[in-house]
Structures are given as structure tokens and as C-alpha cells.
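S.K.: Sharing a structure, written as C-alpha cells. Questions coming.
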Amino acid sequence: MAVTEQKTHVGQPVARKEDATLLQGQGRYVDNITVPGMVWAVLVRSPHAHARIKRVDVSKALAAEGVVAAFTGADLKDSWGSLPCFWPVSDDIKMPPHLPLAVDKARYQGDGVAVVVAETRALAKDAAELVEVDYEPLAAVTDVEKALEPGAPLVHDDVPSNRCYTWALVAGEVDKAFAEAAVTVSERYRQQRLIPNAIEPRGVLCEISPATEDITVITSTQAPHILRTAYTLVLGIPEAKIRVIAPDVGGGFGSKVDVYAEDMVVITVARRLGRPVKWIEERSEAYLATIHGRDVVQQIELAATAEGKITAVRTRLTAAMGAYLQAVTPGVPLLGAWLYGGAYDPVAYDFHCTGVFTNTTPTDAYRGAGRPEATYAIERAVDALARKVGKDPLEVRRLNFMRGFPHTMASGLTVDAADFDAAVDRALEILDYEKARQEQAERRAHRDVKQLGIGFSTYIEMCGLAPSRILGALNYGGGGWEAMSIRVLPTGTVQVVSGTSPHGQGHATTFSQIVADRLGVDPGEVEFLYGDTAVSPTGFDTYGSRSLPVGGVALWHASEKIIDKARKIAAHTLEASEDDLEYAGGRFTVKGTDKGMHVKETAFAAWHAHNLPEGMEPGLEAQYVYDPPNFSWPSGCHVCIAEVDTETGDARIVRYVAVDDVGNVINPTIVDGQVHGGIAQGVAQALYEEAVYDEQGNLATGSMANYLVPSAAELPSYEVDRTVTPSPTNPLGVKGVGETGTIASTPAVINAVVDALSPYGITDIDMPASPERVWRAIQEARQ
Ligand code: MCN
């Protein structure tokens, strides 16, 4: 049967369906939701990074005004099991128990030790201050390398040397490549610890039906389906009894995929009290108790020929886990394990990672998760190689690009499609590279106070998590598939039930565009249902830039199932053979006639079921569960021009050009927005943000006053463009976009800053490249 697809919405900048409600202040976040009889929970948190808990006394809190209950970790320890870590990456991994409230020992500043429940939030906060805890402070270790030194304080008494795991990926003759190399590069980089800053902090509201004991948890999460399973694992509640609702969620950036202590505390207390309980995180709590990102020390070595052709890459990571393993903590550094060769083509590859416990907030997935770290290391190291062989950094990149796809990397995974040369060409066109270098040379010649630097990042990343079979081989506890259902209602409304759970990415808009084109309806006629396990019982949620390359593709396949069934109904109704029908724009037409039937009409016929083909089930609905055969491989070229004030050390971005290849694009405006937001987070790491602990393990950057989240004023206007190499892995030809900006931008910015400082002989600067750091580097170089 002939199928002509009319693409009227895919590829168009369709306005976001989500925005009208949000812009009018009508979004419903957890904190907007109140239920009758609700009480408030406030956690008492350890002020010490490491301390034995000798006594917790809640009696004064219990006697305070409005207090309904107060529990210590010991009171509740039999109500729950350990919080789950779904990714035991190696056989040697140590997975110490992680109870929602600490009992004997607090292991990071912010570790919960008790909970107070009162009629109002203010009363609960006041009463929490009356909880008396006798701590015996212990020496703490917060630095990931110091934690491995002999005699370092042990975060967990039974984990020797604080070593959580070791993990390796080795391919090819690495030692031989280094022995034979004409040039080698050895660099050490520190991925400073970062604090995710979603506009909406976390929040949980739990309500229990007195009649059925069914539990409803309304929570600010990226992952309602994962949470439902986790609640069962930790609390032993049957999965069928739990409904998880993610209402409007004000961002997450990976931090809200996690399974947190507070959820378990709120549910447990609600069950004990038989009253709805709510907890809303304060920003200062978010800094202490929501996961952090990065905190990895990287050693990277390149072996190369005299021309700069890379033959081998050797990487050693020391990665901080923090005090406990959260949902995927140990796996995060490994998400970059395959990418330390970057866009290039080494033949030998050696990656080792050691995971280490420290007395700090647990780390876990934060936008890019492992891939920004890998991209940073290789993109900085390639610049170092260019300096060594005396070539322009672009020339060395071009010499090394992977070409010819599909291409299996030395690290073992196969990139389905990319075109690095095209992305570089386009970026240079936008930039006018020659002119930029000329201006740089002039400023250098005039010894201008403000020097220019040009930094490149030609990146490849793997997202779209992912083929379940590969995740299984890596010991990951979950699958990588996604589920989408379509129901065409009798009146023609198309309902999409989504397994992905957007929290700012605009799935309602882009997924409606996909369905609208396949089924010949207007995107406005598509109703998008998600974020409630009672409405959408099956899914694997939103993270790893997987929603389009996995969920969107599932939706495409579900549309095909609808069309297949609708075609049978149309053929039967029109008394034609299926082969005689043409399909375009949602309408089946008998070839050579004007007789036809729209999908919507077939839905009506399927609903009343008066005259369906023999044996056909009534109704027009379909589910598709898609498990991708490969990861999604976005790539591109980012270029940053930075201006560094050599008197104050202030580094500013004057131009930022991003050319990304995310395959076919469903909605260019949404993709641009994702790239903009992603770059902002990468620039934030390069120039502004750093979580700092003091020697005792106090979080010294505990608020936005000293943790510098950049605002629009610090960020440049981005010049964003694209090249398109459709992914041959999926029928939409799409690749994910949610993390590209973050992954690509950090090294581009630092390469630019270092380039600006190169007349001083400076070849490295730690992140964030703050004015103080830059100024000091210049002073040292001058001496
Ligand atoms: N898209 C498109 N064409 C493409 C690729 C994507 O039109 N070729 C659209 C998609 O249809 C979707 C959006 O772009 O509407 C992002 O798609 P995708 O790359 O699949 O990423 P996810 O939807 O899975 O989002 C996750 C990703 C991650 S991992 C982080 S972290 C992140 C990000 O999204 N956190 C965000 N973007 C965020 N945006 C907001 N506003 N808030 C966050 O917390």
C-alpha cells in the first residue's frame, strides 16, 4: 500500500503547548497542592560531616505547639530498607546500607537524623530546632584523593581505604602505542563539584486512602515510574498500591531522577499517622541534601605521532561518590567511559575509574553525567597536543576525526552517524575564524589589557539511554526501553499516554507534532497524558536525553500500529482491498477515486463496532514499547571567544557559536532552547560554579550568595546553528539534544581562556576560571 507522509508539523517551530498555563502562573507544583488534614514534615539534619550519633531526644519537640509526631532514625529503622543503588558497576563494589534517616553515624553535613511533623511548616521548623542530638564529631574527609590516602578517616567503617569500586575498559595495545609514540601528552584536570539548581526545589506530598490504604505520592520528580518501584523495594508496599504523580516539575537537570530519603520519610510518617504529610525542600536544604554533580579528578594521557595523529588514550579517574550511593552514583563516571577518545580515532584505549567515598553529599547524575567530564578531558588534551606539535587546534582535530560511519570506536561502541567536518565548516563560516585570529594577534601585539582567546570543542556524546541489553551487560538494574500509547477517541481526539515524564523539555508539543503528522490531525487535537502512574502505568521516564530517541520513536511505532488497524477498518468499510488504499495526511483513499475515510472516522467505526472486519477487537488504540538497538550519538562543534581582562582576571564570553548535529529536528525552537540552557550550565561550570567544603566537611558554598549560578547578565547571546546527519538507527532520524550544550561547552570556554592566556605561557587553569584564579595564574606566570 502506498504511504505518503505529509510533514506539516515536524520540523516546524510550533509554539509550546505548555507555555500558556505556566506563563499565566497556573502551573501546579507540589507546593501548590494542599489536601485536607495535611501536616508538615521537617527533617533534622546533621550539622557535622562525620559524627557518631550518641543520643537523639525528640521529647521537647513533641511537647511543642502544633507538633503531631517526631521520630528518630532509630524509631523508624525497622520501617524501611536501604535506599536503592540500581547500578552495582563491578564485582568489587562496596554498597554500604543507606537508611533514609541515619541511626549510628552521620556521614555528611545534611544527613537526616530525625523528622518532626506539625500542623504547619513554621511550627514544624520551630520544633525541629528543639530536637536534641548528642554528636561525637569525627574527623571528616571531603577530598576524593585524600580519602584514598593511608590513615584517612573511613566514611564507612567496613569499607577499607574508602574505595567503593574499580572499573576498567581496555582495548588494543596501549603500552605499545605509548612506547612507540613520537609525542605524548599527560594532563590532570579537576571536575569540581557542582550543585544542581532547579528553580523548584524538591517536594513530596503523601496521602493514604483510609478505605483502601492505597498510597498516592505527589512529588517533584523526573521519574515517577522508577520511584514507584523504589518505594516498593525500600518500604515493601505492593507496587499496585502505589500511585506516583509528578505534577508540573520546575526543572531537575538529573537531580530529580533520584530516589531520596525524604520520600521514604514522608510516606512512612503518613502511614504511621494516617494523615497526609508534606515536605518541601528549602534552598539551603537542596544544597546539602539533593545530589551533587561531578567531583572527579582526571588524569589523561595521549600517545600521538609527530604530526599529531592520536594513537592511544589512557585515562585514570578518581571519582567521588559522596557519603552514600544514590540511585546510579557509581555508574555516572562510567557513562563517559567510552568517550575519552572524543571525536577522534585512537586505536588503543585504556580507561580506569576508582569510585571513592567521602564525607560529602552523594553525587549522582547531573546534566551530561559522565559525558561532560570525558569531553572536557579529551578536548583540553587535544589542545595540549596541538601546542606540543605546533599546530592550530583545529588542524589537529581535523587530522584525527572519525570518518566513515557506522564507526566502531576503540572503546567498543558504534557511532551510527556523524560529520565533524561539516560542523566545523559551518562554525567557522559563522565565526569568520581568520578575522578572529587576526584580532587576537593585534591585541597581543598591542599588549592590550583585554586579551582574546578562541576555544574549540568538537564533541561526540552518547545519549538516549539506551539498549536494555547493553545496560544489562553493564550491570545496570533497569531497562532502557520506553512505552507510548495512543488512543483515538470516538470523537477524534488523539490521546497520547507517555512513559516519559517531561519537566521543561516540551514533550507535549514535540510529541504532538510527531503524532499529528502521522495521523493527519492538528497538534492541538492531541492530548498528552503523563506524569501519573495511574494514567501512564508503564515507562522509564526522562533523563539521559532519551525521551525523543527512545520515547518519541516508540510513539512513531505506536502511530504505525494505529495506521495499520485503521487501514483494515477503512478497507472493510470502503469495500476495497488494503492494497488499493493510499494513505496521506490521515486519510485513506481508494486509488483513482475520491472515496475515502479519515483515521478519525475509522476510530468512530472502531468504537461503535457495528461493522468491523471479522475477529477484530473494537477500539482504536495501540501501545508500543521500544528498546533501541543503539545509543543516540549527537555531535558538533562549539567555539567560544573569550575576553580576559589581564588586570582583574575577569573572563567574559564575547561570542559563542554552537553547531550541533542532533539528526532530524522535531521542533527547532525547542531544540534551540535546550542548547541554550545546556550551554549555560556548561559555562557555569567553566567560569562560575563550585561547591566547596572546608576541612571539617562544612559546605562553605551553602547558598546562592556564594555558589555563583550565572544569570542572563553573565551569559552571552548564543549563535546557534545545526548540521543534520539523520540517525539511521531510528525511523525519525533523530538524536537527543537535552545535554549537548552542557557536554560541549565547558572545554570550549576553558580552551578559550587558556588560549587568551597563552602569551604568558599558561597552559591550564582550574575550573571555575574565576577572576581570582586567572589573576593569580597571571601573577605567577609574570614572576
Ligand atoms: N527534540 C527535538 N528534536 C531533536 C531532539 C530533541 O525536537 N532532534 C526535542 C524533544 O522532542 C524534547 C526536547 O527536544 O521535546 C528534549 O529532548 P531529548 O533530547 O530527548 O531530552 P529529554 O526530553 O529526555 O530531556 C532530558 C534532558 C536532560 S538529560 C536534562 S539533564 C535536562 C534537559 O533534558 N534537564 C532539563 N533539558 C532540560 N530542560 C529543562 N527546561 N529543565 C531541565 O531540568
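S.K.: Take residue 479 and tell me if it is within 16 Å of the ligand (Cβ to nearest atom) and surrounded by fewer than 21 Cβ atoms within 10 Å (Cβ to Cβ). Before you say what the answer is, go through the steps one by one.
M.R.: Values: within 16 Å of the ligand (Cβ to nearest atom): yes; surrounded by fewer than 21 Cβ atoms within 10 Å (Cβ to Cβ): yes.
The answer is yes for residue 479.
S.K.: Pull out all pairs, ordered by first then second residue, where Cβ-Cβ is under 7 Å, the residues are six or more apart or on different chains, the first lies in region 540-566 and is more than 13 Å from residue 515 (Cα to Cα), and the second is within 15 Å of the ligand (Cβ to nearest atom) and assigned to a helix (DSSP H, G or I).
M.R.: 540/225; 541/224; 541/225; 541/226; 547/507
S.K.: Of all residues in region 23-69, count the ones that are acidic (Asp, Glu) and either within 24 Å of residue 207 (Cβ to Cβ) or part of a loop (DSSP other than H, G, I, E, B) (or both). Reasoning before the result, please.
M.R.: Looking only at region 23-69, we keep the residues that are acidic (Asp, Glu), and these are 31, 57, 65.
Keeping just the survivors that are either within 24 Å of residue 207 (Cβ to Cβ) or part of a loop (DSSP other than H, G, I, E, B) (or both) gives 31, 65.
Final tally of qualifying residues: 2.
S.K.: Give the residue that is farthest from the ligand (Cβ to nearest atom), with candidates limited to residues of region 702-750 that are of a type in the set (Ser, Thr, Tyr), crowded, with 18+ Cβ neighbours inside 10 Å and part of a loop (DSSP other than H, G, I, E, B).
M.R.: Taking region 702-750 as the starting set, the residues that turn out to be of a type in the set (Ser, Thr, Tyr) are 703, 707, 711, 717-718, 723, 725, 727, 729, 740, 742, 745-746.
Subsequent filtering for residues that are crowded, with 18+ Cβ neighbours inside 10 Å retains 707, 718, 723, 725, 727, 729, 740, 742, 745-746.
Those left that are additionally part of a loop (DSSP other than H, G, I, E, B): 707, 723, 725, 727, 729.
Values: 707: 18, 723: 12, 725: 11, 727: 9, 729: 13 Å.
Selected residue: 707.
S.K.: Assess whether residue 567 counts as being farther than 26 Å from residue 632 by Cβ, assigned to a helix (DSSP H, G or I) and more than 13 Å from the ligand (Cβ to nearest atom). Before the answer, list the steps.
M.R.: On the way: farther than 26 Å from residue 632 by Cβ: yes; assigned to a helix (DSSP H, G or I): yes; more than 13 Å from the ligand (Cβ to nearest atom): yes.
Here the answer is yes, as residue 567 does meet what is asked.
S.K.: Please state which of the following conditions residue 512 fails to meet, knowing it meets all the rest: (1) surrounded by 24 or more Cβ atoms within 10 Å (Cβ to Cβ); (2) assigned to a loop (DSSP other than H, G, I, E, B).
M.R.: Against the list (1) surrounded by 24 or more Cβ atoms within 10 Å (Cβ to Cβ); (2) assigned to a loop (DSSP other than H, G, I, E, B), residue 512 comes up short only on (2).
S.K.: Working only within region 570-586, note down all residues that are closer than 16 Å to residue 612 by Cβ and surrounded by fewer than 24 Cβ atoms within 10 Å (Cβ to Cβ). It would help to see each step written out before you state the result.
M.R.: Of all residues in region 570-586, those closer than 16 Å to residue 612 by Cβ come to 570-576, 578.
571, 572, 573, 574, 575, 576, 578, listed by residue number.
S.K.: Got at least one residue in region 347-365 being part of a loop (DSSP other than H, G, I, E, B), in contact (Cβ under 8 Å) with a residue 24 or more places away in the chain, more than 16 Å from the ligand (Cβ to nearest atom) and of a type in the set (A, V, I, L, M, F, W, C)?
M.R.: Applying the first criterion (part of a loop (DSSP other than H, G, I, E, B)) to region 347-365 yields 347, 358-362, 364-365.
Among the residues that remain, those that are also in contact (Cβ under 8 Å) with a residue 24 or more places away in the chain are: 347, 358-362, 364-365.
This time we only want the ones that are more than 16 Å from the ligand (Cβ to nearest atom), so: 347, 358-362.
Checking the rest, the ones that are also of a type in the set (A, V, I, L, M, F, W, C) come to 347.
Scanning region 347-365 turns up at least one residue that is part of a loop (DSSP other than H, G, I, E, B), in contact (Cβ under 8 Å) with a residue 24 or more places away in the chain, more than 16 Å from the ligand (Cβ to nearest atom) and of a type in the set (A, V, I, L, M, F, W, C).
S.K.: Same structure, new question: What is the number of the single condition among (1) of a type in the set (Lys, Arg); (2) over 20 Å from residue 535 (Cβ atoms); (3) not in a strand (DSSP E or B) that residue 278 does not meet?
M.R.: Exception for residue 278: condition (3).
S.K.: Checking the condition in contact with a Lys or Arg (Cβ under 6 Å, 6 or more places away or on another chain) and not charged (D, E, K, R), which residue from 254, 274, 322, 250 passes? Reasoning before the result, please.
M.R.: Details: 274 fails: in contact with a Lys or Arg (Cβ under 6 Å, 6 or more places away or on another chain); 322 fails: in contact with a Lys or Arg (Cβ under 6 Å, 6 or more places away or on another chain); 250 fails: in contact with a Lys or Arg (Cβ under 6 Å, 6 or more places away or on another chain).
Of the residues listed, the single one that is in contact with a Lys or Arg (Cβ under 6 Å, 6 or more places away or on another chain) and not charged (D, E, K, R) is 254.
S.K.: Considering only residues that are of a type in the set (S, T, N, Q) and within 16 Å of the ligand (Cβ to nearest atom), which ones fall in region 255-297? Spell out how you get there, then give the answer.
M.R.: Restricting attention to region 255-297, the residues satisfying the condition of being of a type in the set (S, T, N, Q) are 255, 268, 284, 290.
Across region 255-297, the qualifying residues are 255, 290.
S.K.: Say whether the condition of being touching a strand residue (DSSP E or B) at 6+ places or on another chain (Cβ under 7 Å), within 12 Å of the ligand (Cβ to nearest atom) and in contact (Cβ under 8 Å) with a residue 40 or more places away in the chain is met by at least one residue in region 654-661. Quick ask: steps written out before the conclusion?
M.R.: Quick first cut of region 654-661, residues touching a strand residue (DSSP E or B) at 6+ places or on another chain (Cβ under 7 Å) only: 654-661.
Then keep just the ones that are within 12 Å of the ligand (Cβ to nearest atom); that gives 660-661.
Still in the list and also in contact (Cβ under 8 Å) with a residue 40 or more places away in the chain: 660-661.
Checked against the condition, which is being touching a strand residue (DSSP E or B) at 6+ places or on another chain (Cβ under 7 Å), within 12 Å of the ligand (Cβ to nearest atom) and in contact (Cβ under 8 Å) with a residue 40 or more places away in the chain, region 654-661 yields at least one hit.
S.K.: Tell me the residue from 74, 20 that is of a type outside the set (Val, Ile, Thr), farther than 30 Å from residue 560 by Cα, more than 27 Å from the chain's Cα centre (by Cα) and in a helix (DSSP H, G or I), please.
M.R.: On the way: 20 fails: more than 27 Å from the chain's Cα centre (by Cα).
Answer to the check: 74.
Here, each number is a calculation from the coordinates, and none is a lab measurement. Not measured: the values here are computed from a predicted model. Every residue, glycine as well, gets a Cβ built from its backbone with ideal geometry; the counts of neighbours run over all protein chains shown.
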